[in-house]
Structures are given as structure tokens and as C-alpha cells.
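Structure first, then comments.
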Amino acid sequence: MHIREDDAGAHPAVTPVYQSSAFEADSPYFYSRKNNPNVAELEKVLQTLENAEYAVAVTCGMSAIFMSLEILRSGDTLVVNPFIYGCSYKLLQRISERRGFKLIDLDFSEESNIDKIPADTKMVFFETPTNPFLKTVDVEKVSAHVKRNNPDAVVVVDNTWATPLFQHPLELGADVSLHSGTKYFSGHSDVMNGVLMTNREDLAEEFRETRFYGGMLLSPENAWLTRRSLQTLDIRLKHQQSVCAEMRDFLNQQPQVEKVYYPEIDGKQLKGYAGILFFELKDPDGYIKFRDELKIFNTGTGMACVTSMIAQPWSGSHASMTDDEKRQINIGENLVRLSFGLENPEDLKNDLLSAFKIL
Ligand SMILES: Cc1ncc(COP(=O)(O)O)c(C=O)c1O
């Protein structure tokens with residue numbers, strides 16, 4: 001029971017998985033609900049990628065969002081741009097109702113709406129590029145406006161789709177940049193994780209405490225797998241970037257397509273963009289027929305991984321919103337999301353062409 005072959009003298013080529021819930025009295029890790037060497041290593045890699053002072057890794061993207069809301073107190077005003085992942089929107093609604101936050105929907109990707117963010121706002125929450133439609137929210141302008149009125153306000157950006165390779169919200173005035181690392185960081189549809197990044201020590205401390213008391217630390221295996229996947233983040237995203245741009249042009253030429261949505265890469269806020277786009281079919285009821293004809297695109301829940309995937313926001317990413325809420329933000333049943341993986345783009349085009357033929 002007491003035989004040990006510790007790795008102190010083993011010098012492994014990569015950090016092994018520290019499958020240990022407890023650490024001895026002289027260890028800085030204490031207990032695997034507080035910290036673990038695999039999580040600490042992953043956090044160092046992520047904070048370097050995003051040029052952040054602190055990274056706090058948790059079980060998934062939703063726990064990162066949940067933790068960001070822990071900052072708020074009853075009576076606080078929370079302003080959300082509703083063009084975000086449907087579950088994030090539902091979580092904001094649900095917690096606001098239960099804890100007595102004043103939740104305001106405002107599309108501040110429209111620059112003229114930034115001035116309408118109320119002066120007493122405690123938190124703004126948004127994705128940029130937006131989900132869906134990939135519109136830009138100006139992080140610098142939103143942050144400047146909110147903080148001019150209330151220097152204590154917290155600007156939270158879900159940076160999942162842009163990734164640290166192409167966008168650094170903290171450098172533009174945001175307080176928190178969070179990610180569902182289940183997407184590009186993992187990249188292989190096989191591991192969930194989330195991370196909150198900040199330059200503010202008070203917020204990092206708050207997140208670490210919430211993670212400890214709430215039991216949301218990432219598991220050592222998931223931290224290890226994510227760290228391994230990050231070795232290929234750059235190469236995967238660059239491939240996806242070139243395929244996605246090619247597919248945007250290809251889709252724009254298809255007579256069955258009403259409109260293609262792709263973000264504006266301004267080189268200042270967004271320096272590039274990887275592999276997810278949206279398009280609308282002209283046929284309002286064509287989605288299922290079209291999807292069922294595809295051979296290469298995977299229909300599973302997820303995206304931003306090595307395999308190409310197709311999804312319908314109406315019944316997938318935004319299913320937890322009511323039909324009225326979806327219609328209010330122009331999500332129709334003909335809206336399609338494609339996420340491009342590492343397949344040959346010619347194979348993807350041929351697959352799409354054969355499915356377009358049946359519409
Ligand atoms: C932009 C964005 N944020 C957060 C989440 C939630 O992340 P997770 O599924 O890792 O909890 C998702 C999931 O699709 C997402 O797309």
C-alpha cells in the first residue's frame with residue numbers, strides 16, 4: 001500500500017496526469033478541488049496565449065459563465081446583447097429572476113445603442129463576433145462607455161469563437177474574457193472545459209474561491225487533454241480559417257442560398273477568424289432534407305473541432321430560447337451553422353453540392 005515511484009527523478013518528456021485528489025502537506029496544490037498541477041499548467045498556457053494576468057480553468061464553458069455572474073448582487077443591472085449562445089442567454093435570465101438582477105436586452109453591436117447602456121450598469125455580457133450572424137461588438141467603445149458611468153462595472157466577453165489567437169478583449173478594456181474550451185481549445189469533440197481570464201486580481205481571487213467552494217475545478221485528465229490539444233491550436237485554426245473563407249465564397253455562389261454570414265476582420269479588434277459561419281437557405285423548410293443528404297458533415301452537438309459539422313441554431317444552439325425570443329433576434333428555421341474541420345475543402349464542397357441539388 002505504501003510503495004511509491006514518484007516522478008521526481010523520472011524526468012518525463014511531458015507532464016503526466018496527476019490523478020491524485022490529495023497532495024501532501026508540503027505541496028502548494030492542497031486538494032484537487034482547489035488546484036492540480038495539470039490545471040495549473042493549462043492555465044499558464046492559456047494566460048500566455050491571451051496575454052492575461054490570470055486564467056481560472058473550470059469544468060466547461062457554462063460553469064465559466066455561471067461563475068462570472070457570482071460577481072453580481074441583488075438589485076444589480078446586467079445588460080446582455082441577446083445575440084449569444086442560447087444556453088448562456090437562458091442562464092442569464094434564470095439567475096437574474098432568482099437572484100433579483102435587473103436584466104436588460106440590448107443589441108449594442110449597433111454602435112448607436114452603446115449610449116443606451118444605462119449608467120447604473122454593473123455588468124455587460126456579450127459575444128463578439130455575435131452568435132448567430134457574426135456581427136462585431138466594439139469592445140473598446142462598450143468598455144469605455146460603461147466605465148465612464150461606473151468605474152466598478154464589469155465587462156464580460158465570451159471570446160470562444162474568436163479565440164486568443166485572433167482577439168484579446170482584455171487589451172481593449174474588458175475585465176473578463178471567458179471561453180468554452182470545449183470548442184477550439186479541445187478541438188477534437190472529446191473533452192469539455194472552460195476558462196475565465198482577467199487582469200484583475202480581485203476577480204481572479206473571486207473566481208478561484210467560487211471554483212473551490214462550488215467544486216468546479218477542471219479534472220486532471222481534461223486539463224491534460226486540453227493542454228495537449230493546444231499544441232495544435234495554431235495549425236488547426238489556420239487551416240480552418242482558409243477553408244472557412246473558401247467556403248464563404250463557395251456558398252455565396254449557390255442559388256439555394258439566401259445569405260451568408262461571416263465576420264468583419266478589421267485587423268484591430270478581430271485579427272483573423274477560424275472556422276464557423278452561418279447561411280440562410282431560400283427554402284424555409286429545406287434544412288432537414290438538406291442536412292440528411294450530407295455524407296461528410298457530422299450532425300452532432302458541437303463545433304470548432306477537427307471534423308466538419310452542421311447544425312440548425314433554431315433546434316440546436318438556441319433551442320432553449322422560446323420561439324418568440326428566437327424570432328426577435330431573427331433566427332429562422334432556415335438558418336444553418338457550418339463548422340469546418342480538417343477535411344479536404346473539395347470533398348466538403350462536393351458534399352454540399354449534392355445536398356443543394358435536392359432543394
Ligand atoms: C460561445 C459559447 N459559449 C459558451 C458555451 C458553453 O460551453 P460548454 O458547452 O463548454 O459548457 C458554448 C457552447 O456551445 C458556446 O458556443
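Its relative contact order, with pairs defined as Cα atoms under 8 Å and 6+ residues apart, puts the chain at 18 percent. Counted over the chain, the DSSP beta bridges are approximately 60% antiparallel. Given R0 = 22 Å, the distance between the Cβ atoms of Gln231 and Glu53 translates into a calculated FRET efficiency of 0.40. Residues considered: Ala153, Ala119, Ala162. Largest GNM mean-square fluctuation over the chain, using C-alpha springs under 10 Å, is found at Ala119.
Net length available on complete extension from Ala119 to Ala22 is 30.2 nm, with 0.36 nm assigned per residue and the Cα-Cα distance removed. The ranking of His239, His2, His11 by Cβ neighbour count inside 10 Å, starting from the fewest, reads His2, His11, His239.
Residues Asp6, Asp351, ranked from the fewest to the most other C-beta atoms within 10 Å, line up as Asp6, Asp351. In whole Å, what is the distance between the alpha-carbon centres of the stretch 112-127 and the stretch 26-99? Using only Cα atoms to place each centre, the spacing works out to 20 Å. Got a sec? Which residues in the stretch 15-29 would a label at Phe212 touch, if it sits 7 Å along Cα→Cβ and we count backbone N under 13 Å? Zone members listed by number: 28-29. Beyond 19 Å in Cα-Cα separation lie the following of the pairs Lys90/Lys282; Lys259/Lys282; Lys238/Lys357; Lys34/Lys183; Lys271/Lys349: Lys90/Lys282; Lys238/Lys357; Lys34/Lys183; Lys271/Lys349. Using the Stokes-Einstein relation with a Kirkwood hydrodynamic radius computed over Cα pairs, the translational diffusion coefficient of the stretch 218-334 at 37 °C and a viscosity of 0.692 mPa s comes to 200 µm²/s. Given R₀ = 35 Å, what would the calculated FRET efficiency be for Arg4 paired with Glu346, taking r from the Cβ atoms and rounding to 0.05? The formula returns an efficiency of 0.05 here. Dividing the summed -39500 (n - 2.57) terms of all DSSP H runs of n ≥ 4 by the residue count of the chain sets its mean residue ellipticity at 222 nm at -10000 deg cm²/dmol.
If I model a spin label as a point 7 Å beyond the Cα along the Cα-Cβ vector, how far apart are those points for Arg98 and Asp323 in nm? Result: 2.8 nm between the two label points. Comparing Gly215, Gly275, Gly302 in a Gaussian network model of the chain where C-alpha atoms under 10 Å apart are linked, the largest mean-square fluctuation is found at Gly215. The overall shape of the chain, judged from the alpha-carbon gyration tensor, is oblate: a/c is not under 1.5, and a/b is no greater than b/c. From the square roots a ≥ b ≥ c of the eigenvalues of the alpha-carbon gyration tensor of the stretch 104-216, which class results: rounded (a/c under 1.5), prolate (a/b over b/c), or oblate? Here the stretch 104-216 falls in the oblate category. Who wins for biggest fluctuation among Tyr261, Tyr31, Tyr273 in a Gaussian network model of the chain, springs between alpha carbons below 10 Å? So, out of Tyr261, Tyr31, Tyr273, the one fluctuating most is Tyr31.
Coordinate-derived values only; no laboratory data. Note that the structure is a prediction, hence the values are computed from the model and not measured. FYI the Cβ positions are ideal-geometry reconstructions off the backbone, even for glycines, and counts take in every protein chain you see.
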